[in-house]
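The values are calculated or read from the model by the stated rules, or taken from the named source; none is laboratory data. Predicted, not measured: the structure shown is a model, and the values here were computed from it. As a convention, Cβ positions derive from the backbone with ideal geometry for all residues, glycine included, and neighbour counts pool all protein chains shown. Heads up: the accessible areas ignore ligands, DNA and RNA and are worked out on the full protein's heavy atoms, side chains in. Shrake-Rupley method; radii C 1.70, N 1.55, O 1.52, S 1.80 Å.
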Amino acid sequence: QGARVWIPDCAEVWRVAEITRAYKEGDTALHLRLEDGSALAYPIEFQLPPLCNPDFLSGADDLVALSYLHEPAVLHS
């Protein structure tokens, strides 16, 4: 709960969302709050969405400095 994740979006490619309810193994959806404040139950099909890097790493010049290196983090930087 409180972690930020990237979720796929058809218009923006990836969107940031905050987990609002703790995830337990076996849950079929994550309860999220999008940046605009709206709530979303994000279905979990095969794997959890990628975690966001801490704010101080946002826009890092060197991708090696990122805590989490995946497609949304690279595109965001």
**Asked** In the range 10-40, what count of residues is obtained for those that are of a type in the set (A, V, I, L, M), in a loop (DSSP other than H, G, I, E, B) and open to solvent by less than 50 Å² (accessible area, probe 1.4 Å)?
**Response** 1
**Fill in**
Of those in the range 41-55 that are among the hydrophobic types (A, V, I, L, M, F, W, C) and farther than 14 Å from Pro72 by Cβ, the residue surrounded by the fewest Cβ atoms within 10 Å (Cβ to Cβ) is Phe46
**Complete:** Flagged pairs (Cβ under 8 angstrom, 6 or more apart or on separate chains; first in the range 2-15, acidic (Asp, Glu); second open to solvent by 40 Å² or more (accessible area, probe 1.4 Å)) are Asp9/Arg15
**Request:** Find all pairs meeting these conditions: Cβ atoms under 9 angstrom apart; at least six residues apart or on different chains; first residue within the range 18-31 and within 19 Å of Pro8 (Cα to Cα); second residue among the aromatic types (Phe, Trp, Tyr) and not in a strand (DSSP E or B).
**Result:** Leu30/Tyr23; His31/Tyr23
**Message:** Go through (1) at pLDDT below 90; (2) surrounded by 15 or more Cβ atoms within 10 Å (Cβ to Cβ); (3) not in a helix (DSSP H, G or I) for Ala73 and report which single condition fails.
**Reply:** (3)
